[in-house]
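First comes the structure, then the notes that go with it.
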Amino acid sequence: QAQLVESGGGLVQPGGSLRLSCAASGIIFSISGMAWYRQAPGKQRELVAHITRGGTTTYVDSVKGRFTISRDNAKNTVYLQMNSLKPEDTAVYYCRATILGSEYWGQGTRVTVSS
């Protein structure tokens, strides 16, 4: 059974950093496309960053230059390094895996950027 477990969220001051992790099990991680989404209160869920199985990355414009997505296939884990955090980055962050036409989601981890 596929399972994605996010961790690393929390409360951070503006300008600070956090690293989110998403550990996958029950899927062939190395051939999965992996992505981070976020959903702020009262807003729709949006794609933040994506990484292909080959390591190609894409980002939403609002996080370019501040966030970095990476993956470690040996650990079945995808990361989101978030620097220079802003209050508008406050949201629940979700990990998504896509493989062979199926998709899987984690339960989310909350990030709050506030002074």
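Taking G106, is it farther than 21 Å from G42 by Cβ and buried (at least 18 other Cβ atoms within 10 Å of the Cβ)?
yes
Would you confirm, using the coordinates I've provided, whether T68 is surrounded by fewer than 20 Cβ atoms within 10 Å (Cβ to Cβ), without any contact (Cβ under 8 Å) to a residue 40 or more places away in the chain, under 18 Å from G8 (Cα atoms) and not charged (D, E, K, R)? So T68 passes the test. Which condition number does L20 fail, the rest of (1) under 16 Å from C95 (Cα atoms); (2) open to solvent by 40 Å² or more (accessible area, probe 1.4 Å) being met? The one condition L20 does not meet is (2).
When G54 is tested against (1) open to solvent by less than 40 Å² (accessible area, probe 1.4 Å); (2) at negative phi, just one condition goes unmet, and that condition is (1).
Considering the range 77-86, and only residues there that are over 10 Å from the mean Cα position of the chain (by Cα) and open to solvent by less than 50 Å² (accessible area, probe 1.4 Å), the residue that is farthest from G15 (Cα to Cα) turns out to be T77. V60 satisfies every condition listed in (1) touching an Asp or Glu at 6+ places or on another chain (Cβ under 7 Å); (2) buried (at least 20 other Cβ atoms within 10 Å of the Cβ); (3) without any contact (Cβ under 8 Å) to a residue 40 or more places away in the chain except (2). Here the condition is being within 14 Å of F29 (Cα to Cα), modelled with pLDDT of 95 or more, more than 11 Å from the chain's Cα centre (by Cα) and of a type outside the set (A, V, I, L, M); of D61, D89, D72, it holds for D72 alone. Listed conditions (1) open to solvent by 10 Å² or more (accessible area, probe 1.4 Å); (2) among the small types (G, A, S); (3) within 19 Å of R19 (Cβ to Cβ) are all met by S30, apart from (3). For the residues R45, R53, the requirement of being of a type in the set (D, E, K, R) and modelled with pLDDT of 95 or more singles out R45.
The values are calculated or read from the model by the stated rules, or taken from the named source; none is laboratory data. On a predicted model such as this, the values are computed, not experimentally measured, just so you know. All Cβ positions, glycine included, derive from the backbone under ideal geometry; neighbour counts span all protein chains shown. With ligands, DNA and RNA removed, areas are computed over all heavy atoms of the protein, side chains included. Shrake-Rupley method; radii C 1.70, N 1.55, O 1.52, S 1.80 Å.
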